[in-house]
């Protein structure tokens, strides 16, 4: 019998639902913040896609049911709006696997020689060369 003033044990299912809902609410709030900053350029959309990617793998425990679809939509938006930018090209390349990645990596190395030379351009070119 519980003593006076003790807190009852939460129902497992209700506790799980409360945490899941809070996580999904926080996820949606962050997406809204990323969306508000999207006019900043390709880097802001890359950051959004990278954020969403953290929630696409059910096996890792931070899974959000809508994240896989959100991630694909984000990648598509990146392809449509910013495909010609070094940041987008490198991020999209990092999403590839297998033979597609090998072919795109070779093409990316060739394209990287034309990227801008300010520090960001040099860092992106270096990332491509290291990926060789």
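Does the range 82-131 hold any residues that are modelled with pLDDT under 85, in contact with a helix residue (DSSP H, G or I) (Cβ under 9 Å, 6 or more places away or on another chain) and under 16 Å from residue 46 (Cα atoms), and which are they? 120, 121, 124, 127 - these are the residues of the range 82-131 that are modelled with pLDDT under 85, in contact with a helix residue (DSSP H, G or I) (Cβ under 9 Å, 6 or more places away or on another chain) and under 16 Å from residue 46 (Cα atoms).
The residues of the range 40-52 that are part of a helix (DSSP H, G or I) and touching a residue at least 40 places away in the same chain (Cβ under 8 Å), listed by number, are 42, 43, 45, 46, 49, 50. Of all the criteria given as (1) modelled with pLDDT of 90 or more; (2) not in a loop (DSSP other than H, G, I, E, B); (3) not assigned by TED's automatic domain parsing to the domain that holds residue 104, the one not satisfied by residue 56 is (2).
Any chance you could count how many residues in the range 65-92 are surrounded by fewer than 18 Cβ atoms within 10 Å (Cβ to Cβ) and in a helix (DSSP H, G or I)? Selection size over the range 65-92: 9.
The values are calculated or read from the model by the stated rules, or taken from the named source; none is laboratory data. What you see is a predicted model; the values in this text were computed from it and never measured. Positions of Cβ are generated from backbone atoms using ideal geometry, with glycine treated the same way; all protein chains shown enter the neighbour counts.
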